[in-house]
Amino acid sequence: MYDFAISAADKQALYRELAQALDALTADEPDAIANMANAAALMWQYLPELNWAGFYRAIGDGLVLGPFQGKPACIRIPFGQGVCGTAAATRETQCVADVHAFRGHIACDAASASELVVPILYRGRLVGVLDLDSPVAARFDDGDVAGCTNLMEILGPRIAG
Ligand code: SME
């Protein structure tokens, strides 16, 4: 059992503690699925106001659903489609305050109002994307982008296969 005492006073401290926990969870484990599963569970457990947290993996010419927490989601997303496919195609983080205003947004859960998608790269190769959804509009800010980017820098080499 892993029971992390994460009780951060502010967002920066929260992401610092999450980074330590993610590092501890994944450092000695070579299995990509296990590491993505624990990363999704960690973020789901400690980041407030989420209705979906998980991964899509870059396979062939699109994204394929990976480990996640939340409602069942669409399985395959072509590069360039939706928020996830846009992050994958551009390799740029997508921080979307209002998903209904994002052209091509794929609604997996009607409750989603805002979304953060961070591409995961390893040695110049796209491994997949982290996808966080929230029922709260404009839930994600620069602090979340910085925090999640750091988390994916830790995780990337440990899910690259
Ligand atoms: N909304 C995403 C699809 C994935 S689900 O949110 C889990 C998108 O537009 O790519």
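The values are calculated or read from the model by the stated rules, or taken from the named source; none is laboratory data. Computed from a predicted structure; not experimentally measured. FYI the Cβ positions are ideal-geometry reconstructions off the backbone, even for glycines, and counts take in every protein chain you see. SASA here: full protein model, heavy atoms, side chains in, ligands and nucleic acids out. Shrake-Rupley method; radii C 1.70, N 1.55, O 1.52, S 1.80 Å.
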Given the peptides 62-75, 18-31, arrange them by the average over their residues of other C-beta atoms within 10 Å, most packed first. 62-75, 18-31
Listed by chain and number, the residues whose amide H is under 5 Å from that of residue 121, excluding neighbours fewer than 5 places away on the same chain and using placed H, are 127
Taking region 22-161 and dividing mean pair separation by its residue count, relative contact order in percent (alpha carbons under 8 Å, at least six apart): 26 percent
Report, in order of residue number, the helices in the chain meeting two criteria: a C-alpha extent of 18 Å or more along the helix axis, and a mean Kyte-Doolittle hydropathy of at least -0.5; treat each whole DSSP H run as one helix. 11-26, 32-46, 142-159
Quick one: with all protein chains in place, what share of the accessible area of the chain is carbon or sulfur, to the nearest percent (1.4 Å probe)? 51 percent
With only helices counted (DSSP H, runs n ≥ 4, each -39500 (n - 2.57)), the per-residue ellipticity at 222 nm for the chain, to the nearest 500, works out to -11500 deg cm²/dmol
For the chain, what is the Kirkwood estimate of the hydrodynamic radius, computed as the reciprocal of the mean inverse distance between distinct Cα atoms, to one decimal in Å? 15.5 Å
Calculate, for region 11-159, the solvent-accessible area per residue in square angstrom, rolling a 1.4 angstrom probe over the heavy atoms of the protein chains. 46 Å²
Of the convex hull drawn through the C-alpha atoms of region 1-66, the volume per residue in Å³ is 107 Å³
